[in-house]
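Read-outs throughout are calculated quantities, based only on the coordinates presented, and are distinct from any laboratory measurement. Please read all numbers here as calculations on a predicted model, not as lab measurements. In this analysis, Cβ positions are derived from the backbone assuming ideal geometry, glycine residues included, and neighbour counts consider all displayed protein chains.
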Amino acid sequence: MSNSGAAVDLGEVFGPSHRGDEPDLVQLLTPEGERVEHPEFTFDLDDEAIKGFYRDLVLTRRIDTEATALQRQGELGIWASLLGQEAAQIGSGRALKPQDFAFPTYREHGVAWARGIDPLRLLALFRGVDHGGWDPKEGNFGLYTIVIGAQSLHATGYAMGLQRDGVIGTGDPERDAAVIGYFGDGATSQGDVNEAFVWAGVFNAPIVFFCQNNQWAISVPIEKQSRAPLYQRAAGFGFPGVRVDGNDVLAVYAVTQAALQRAREGSGPTLIEAFTYRMGAHTTSDDPTRYRLSDELESWQKRDPISRVKAYLVAQKAADDDFFAGIEQEADELAEHLRSGCLAMPDPSPLDIFGQVFAEQTAELQLQHDQYADYLASFEGEHA
Amino acid sequence: MTAITIAKGLTMGLRAAMEADPKVLIMGEDVGKLGGVFRVTDGLQKDFGEDRVIDTPLAESGILGTAVGLAMRGYRPVCEIQFDGFVFPAYDQIVSQVAKIHFRSRGRVPMPIVIRIPFGGGIGAVEHHSESPEAYFAHTAGLKVVACSNPVDAYWMIQQAIASDDPIVFLEPKRRYWEKGELDEDAEPDPLHVSRVVRPGTDVTVLAYGPMVKTALQASAAAEGEGKSLEVIDLRTLSPLDVDPIYESVRRTGRAVVVHEAPVNLGLGSEIAARVTENCFYSLEAPVLRVGGFDTPYPPSRIEEEYLPDLDRVLDAVDRTLDY
Ligand SMILES: Cc1ncc(C[n+]2csc(CCOP(=O)(O)OP(=O)(O)O)c2C)c(N)n1
């Protein structure tokens with residue numbers, strides 16, 4: 001499959017094998033870095049593209065490391081690490097076309113990267129200078145959503161908008177669009193997410209539900225959210241579900257690309273369960289040693305999403321030391337951009353908030369603004 | 001006497017309630033093994049088991065909706081909402097079901113449910129972690145709403161709320177969780193729905209609850225240095241209000257300032273101002289003033305200190321009422 005339309009029968013791609021109870025997950029690159037075949041999904045980009053993914057993965061991890069350090073030094077209020085989930089995010093984010101739209105949670109730093117959002121904007125939110133930080137229309141990337149599951153309905157509604165605009169199923173690869181909605185395993189318990197499944201199914205909305213099953217919702221393991229594998233839920237809502245190795249960037253790309261294409265063509269929603277692991281704490285406020293065992297972490301470390309890509313590139317002789325050194329250098333520069341940009345980030349003015357509530361300002365709020373400005377002015381000179 | 005924090009007072013109170021009544025259950029996100037993100041339920045699952053301290057799936061409507069059924073079966077669920085901003089997925093169950101079932105059943109079906117909500121700002125958090133939703137609940141017939149402000153009240157009030165046969169929204173001042181006080185477990189606690197003068201004074205009555213009680217006390221200490229005597233009342237019960245201590249105080253001082261973090265517009269202060277005006281009209285020397293959040297969503301945390309009422313904003317209102 002390429003980015004420009006699929007020649008395969010997409011009904012078959014999400015065929016019966018993913019509706020049953022067999023637990024296998026789609027994998028195209030083993031943890032040891034070996035390419036493997038899958039009967040339904042193929043990754044058909046070249047090694048240059050894989051090098052590009054490698055770069056994305058390393059830079060995304062570096063954003064995460066630097067942000068964690070900035071939080072530890074008191075420059076961010078909190079940070080939600082994506083450590084371990086880089087492949088799920090880069091693979092799916094890179095499968096998007098410019099006209100597609102992504103609805104993230106609060107952890108989709110890799111998707112943000114793939115959508116061209118300056119990671120400094122992410123830091124603004126976690127630093128507490130901004131609730132949003134970017135224009136969703138630039139890069140077609142929604143605002144981070146903290147209320148668990150809420151964005152799944154927004155994504156579905158946006159997809160229904162695409163339907164009404166006639167930008168699906170035209171056959172024009174530059175035009176046909178789809179939506180991807182991200183959420184975690186914990187979120188699948190929320191009413192909103194289940195309602196989104198209902199809507200998407202009933203209206204055959206052009207949407208891909210992308211669930212990163214990182215096995216944990218803070219301290220609560222996946223067994224406490226679902227007795228059935230999450231991807232199997234899709235069947236009950238009337239659309240296909242598939243489980244992919246979320247630490248395999250090639251498989252995530254191939255599966256997401258196929259699901260997006262299916263949506264763009266007008267064949268409706270898909271649920272992708274990216275099977276992965278939250279390698280770090282839930283956020284910098286969390287202490288996972290209170291609730292999970294370290295052997296679990298160790299077993300997942302062997303399935304690291306980045307090292308397998310490197311192993312592949314090295315084995316193929318597709319990348320040399322200079323390539324890897326160049327990316328390290330780029331990562332250092334990115335970290336420096338984040339650090340200096342974060343420290344230089346101005347605080348908002350408390351007077352700004354009054355003008356941001358409504359499209360049409362009210363006299364009451366304007367009065368509150370004016371009175372508060374007078375109040376602040378009454379302190380001027382006092383501390384001089 | 002033991003020195004405890006508010007968080008510890010709640011943990012001890014929950015433990016005492018669970019020991020006293022096997023029908024008491026704790027349910028919520030991360031309340032079991034982790035002991036809650038604020039560790040308020042720390043150790044309870046270990047001691048009372050997974051049947052009584054339940055790590056629920058991630059769904060607030062589910063937590064409250066199933067609590068209704070458990071209550072119908074004779075249990076006394078204590079539901080933890082992880083942060084104020086996440087109570088809204090449960091809003092329908094709380095407002096349309098929990099609040100109405102006693103009434104609809106003509107008293108045949110009580111709803112002994114406690115909804116614990118860490119509320120308010122000042123902790124440098126991201127969106128939805130700093131809100132003050134009390135007015136929504138106080139406005140709802142069929143719900144009682146209380147807020148503790150210190151470790152001793154935390155210890156007693158949570159037990160009293162659990163013992164009550166009515167549904168109670170129990171607000172915990174999260175930014176004060178780690179503040180300490182001396183608990184005497186043998187002392188006789190005040191009843192739950194009682195307001196209390198926490199600092200006597202003569203010039204202005206300052207009414208506060210939850211996290212703002214400390215702010216009001218700080219303001220009264222600062223005002224004292226300027227020769228102004230503030231009487232501070234900790235409301236403790238927001239619905240029903242305990243109006244007698246309020247009227248008694250305002251009739252003496254002739255002036256009142258209500259302080260809360262929630263937006264002023266239709267907040268608790270509005271109701272108190274109206275009641276004081278109706279009942280103490282001839283004693284008032286100035287209009288009742290309200291100090292609270294602005295009518296904007298809670299702002300990004302770097303400017304939350306500006307948004308939240310602080311000592312200066314309270315003193316400013318005090319001066320305005322004195323200058324009136
Ligand atoms: C409605 C709501 N309830 C509770 C929370 C608090 N909370 C934040 S993240 C989280 C766990 C989310 O788990 P999951 O959906 O698996 O995503 P992950 O954080 O693992 O990426 C919880 C309970 C919230 N943000 N929103």
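Can you give me the distance in nm between label points at B:Asp92 and A:Lys317, each placed 7 Å from the Cα along the Cα-to-Cβ direction?
For B:Asp92 paired with A:Lys317, the spin-label model returns 6.3 nm.
Let me check against my output: what whole-number percent is the relative contact order of chain B, with C-alpha pairs under 8 Å and at least 6 apart?
Averaging sequence separation for qualifying contacts and normalising by length gives 16 percent for chain B.
Could you tell me how many degrees, from 0 to 90 and to the nearest 10, lie between the Cα long axis of helix B:212-225 and the main elongation axis, the longest principal axis, of the Cα atoms of chain B?
Here the helix axis deviates by roughly 20 degrees.
How do B:134-141, A:194-201 rank on mean C-beta neighbours within 10 Å, highest first?
Details: B:134-141: 18.9, A:194-201: 20.5.
The most tightly packed comes first, giving A:194-201, B:134-141.
Work out the mean other chain Cβ neighbour count within 10 Å for the residues of A:342-355 and drop it here as an integer.
For this peptide, the per-residue mean of nearby foreign Cβ atoms is 3.
Would you mind checking the tilt of helix A:150-164 against the longest principal axis of the Cα atoms of chain A, expressed as 0 to 90 degrees and rounded to 10?
With both axes taken from Cα atoms, the answer is about 70 degrees.
Kindly provide the helix-only [θ] at 222 nm of the protein assembly as shown, computed as the sum of -39,500 (n - 2.57) over DSSP H runs of four or more divided by all residues, to the nearest 500 deg cm²/dmol?
-11500 deg cm²/dmol
Going highest first, how would you order A:350-356, B:181-187 by mean Cβ packing within 10 Å?
On the way: A:350-356: 16.9, B:181-187: 12.9.
Taking the mean over residues of other Cβ atoms within 10 Å, the ranking is A:350-356, B:181-187.
Using a simple charge model, +1 on the beta-carbon of Lys and Arg, -1 on the beta-carbon of Asp and Glu, nothing else, what dipole does chain B show about its Cα centre, in debye to the nearest 20? If you can, show how the numbers build up before the last one.
Values: 32 positive and 48 negative charges, 170 e Å.
Taking the Cα centre of chain B as origin, the dipole is about 820 debye.
Work out the mean other chain Cβ neighbour count within 10 Å for the residues of B:123-130 and drop it here as an integer.
Values: counts 3, 6, 5, 13, 11, 4, 3, 0.
Per-residue shielding by partner chains comes out at 6.
Amide H neighbours of B:Val24 under 5 Å, at least 5 residues apart or on other chains, H built in the peptide plane: list them.
B:Arg76
Report relative contact order for the stretch B:41-149 in percent, whole number only (criteria: Cα-Cα under 8 Å, sequence separation at least 6).
Here the relative contact order equals 26 percent.
Under the Karplus relation 6.51 cos²θ - 1.76 cosθ + 1.60, θ = phi - 60°, what is the ordered set of whole-Hz ³J(HN,Hα) values for the stretch A:309-314, x standing for Gly and Pro?
5, 4, 4, 5, 5, 5
For A:Ile207, what residues show an amide H to amide H distance below 5 Å, using hydrogens built from the backbone and excluding near sequence neighbours?
Amide H neighbours of A:Ile207: A:Val179, A:Thr270.
Whole-Hz Karplus ³J(HN,Hα) for the stretch B:155-169, in order, using 6.51 cos²θ - 1.76 cosθ + 1.60 and θ = phi - 60°, x for Gly and Pro?
So the Karplus estimates, Gly and Pro as x, are 5, 7, 5, 5, 5, 5, 5, 5, 6, 6, 7, 9, x, 10, 7 Hz.
If amide hydrogens are placed 1.01 Å from N in the peptide plane, which non-local residues have theirs closer than 5 Å to the one on B:Ile113?
Sorted by chain and number, the residues that satisfy this are B:Ile168.
Just checking the output field for A:211-220: average partner chain Cβ neighbours within 10 Å of each residue's Cβ?
Taking all residues of A:211-220 together, the mean is 3.
In the stretch B:2-183, how many lysine pairs have Cα atoms under 16 Å apart, counting only pairs 8 or more places apart or on different chains? Each step should come with its number before you reach the end.
Working: B:Lys8/B:Lys174; B:Lys8/B:Lys180; B:Lys33/B:Lys46; B:Lys100/B:Lys144.
Lysine pair count for the stretch B:2-183: 4.
For chain B, give me the percentage of DSSP beta bridges that are antiparallel, rounded to the nearest 5 percent.
Expressed as a percentage, antiparallel bridges in chain B total about 25.
Enumerate the calculated ³J(HN,Hα) couplings along the stretch A:102-107 in order (Karplus 6.51 cos²θ - 1.76 cosθ + 1.60, θ = phi - 60°), each rounded to whole Hz, writing x wherever the residue is Gly or Pro.
Going residue by residue, I get 10, 10, x, 8, 9, 10 Hz, with x marking Gly and Pro.
In whole angstrom, how far apart do the alpha carbon centroids of the stretch B:249-324 and the stretch A:263-323 sit?
Each part's Cα centre sits 52 Å from the other's.
Can you tell me what share of the DSSP beta bridges in the protein assembly as shown is antiparallel? A percent to the nearest 5 is fine. Please report the intermediate quantities before stating the final value.
On the way: 13 of 68 bridges.
Antiparallel bridges make up about 20 percent of those DSSP assigns within the protein assembly as shown.
What is the helix-to-structure angle for B:311-323, meaning the angle in degrees between its Cα long axis and the longest Cα principal axis of chain B, kept from 0 to 90 and rounded to the nearest 10?
The angle comes out near 40 degrees.
Would you work out the relative contact order for chain A, in percent, from Cα pairs under 8 angstrom that are 6 or more residues apart?
Dividing the mean separation by the residue count of chain A yields 24 percent.
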